[in-house]
Structure formats: C-alpha cells, structure tokens
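Input: a single structure, listed below in structure tokens.
Please treat every number below as a calculation from the coordinates, not as lab data. Values in this document were obtained by computation on a predicted structure and should not be read as measured data. As a convention, Cβ positions derive from the backbone with ideal geometry for all residues, glycine included, and neighbour counts pool all protein chains shown.
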Amino acid sequence: MQGMDVDAWVAHEPQNEWEAMMRNVALFHQKHDFAGQNGHDMGYRLALTIEELGELSAAVTKGKPLAECAEEMADVLILLMGHSLAMEIDLKAAFEAKYERIMQREALQGRLGVRVTAYRPE
C-alpha cells in the first residue's frame, strides 16, 4: 500500500474530500519542515500520539464539552494522517482493506464491553 510523500501530496490535485484532507496535512508538514526537523521519526510521532490520546481521554473522562472532545479527536486524526505521510502509506487503501476484514468478524463480549477482534479468549 504505497502512499505518497509530502511533496507529492502538496503537488496533487485533490479529487475528493479525503485527498483534500491529506493534502492539507501535507501542507502543514511542509510548512514546518517536519521531514527535515525529525518530525517524521515514528518513535517521536508515536509519543505525540500517546500524548494526544491522553488529552482526548482526559476530555472524555472529565466530561469536557463535546467541542473540546472533537478538537482532541481531530488532533489524533491529523497525527494518524501525518503518520501515513511520514511512512508513505496509503492510509485510505489500508482503511478499506481493514474494513473489509473487520466486517467479517463476530463481536465478542469482554469484561469492559463489546470487541470485534480476531483474538479469541481461551
């Protein structure tokens, strides 16, 4: 699932909303020279993701307004899209392939709620 790098996305003429969003994230990466400033290092990016997930978790568990929760979700989405730029992965194709697989799975009830996973408890 080969994707495009930042420069290719910036030069790309979007054909749909997803491509426009990816191009916008690429413009953000280009503006701040993420590739040249270690911003594409996946160890660093994963640490940022954990930080943003913590902020989303805090917004949800502390009962913050939905607008604040939405902003934190957007941060996570932008980071994930940026991960695909950093790794040159076609995230849309990966989503579509994964969606096909998960739609074939049965739901399992776990201790904390429903899960849809390939994992089967012993």
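Given the rule -39500 (n - 2.57) for each run of at least 4 DSSP H residues, summed and divided by the residues of the chain, what is its mean residue ellipticity at 222 nm, to the nearest 500 deg cm²/dmol?
Helix-only estimate at 222 nm: -20000 deg cm²/dmol.
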Checklist entry - What is the projected area of the convex hull of the Cα atoms of the stretch 26-67, averaged over all directions, in nm²? => result 3.8 nm²
Item to check | Relative contact order for the chain, counting Cα pairs under 8 Å that sit 6 or more residues apart, in percent | outcome: 31 percent
Item to check | Candidates Val25, Val60, Val76: whichever shows maximal mean-square fluctuation once the chain is modelled as a Gaussian network with Cα springs under 10 Å | outcome: Val60
Item to check | Extension gain from Asp33 to Thr117, taking 0.36 nm per residue of separation minus the Cα-Cα distance | outcome: 26.5 nm
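For the stretch 57-116, what is the Kirkwood estimate of the hydrodynamic radius, computed as the reciprocal of the mean inverse distance between distinct Cα atoms, to one decimal in Å? Provide the component values of the computation, followed by the final result.
Working: mean 1/r = 0.0706 Å⁻¹.
With all distinct Cα pairs of the stretch 57-116 included, I get 14.2 Å.
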Checklist entry - By how many degrees, 0 to 90 and rounded to 10, does the Cα axis of helix 91-102 deviate from the longest principal axis of the chain? => result 20 degrees
Checklist outcome for this item: Residues meeting the amide H criterion for Leu108 (H placed from the backbone, H to H distance under 5 Å, 5 or more places apart or on another chain) are Arg115, Val116, Thr117
Item to check | Per-residue Cβ neighbour rank within 10 angstrom, fewest leading, Asp7, Asp75 | outcome: Asp7, Asp75
Checklist outcome for this item: Whole-percent tail of the Cα-Cα distance distribution for the chain, cut at 23 Å, equals 47 percent
Item to check | Estimated inter-spin distance, Ala107 and Leu48, nm [label 7 Å along Cα→Cβ] | outcome: 3.5 nm
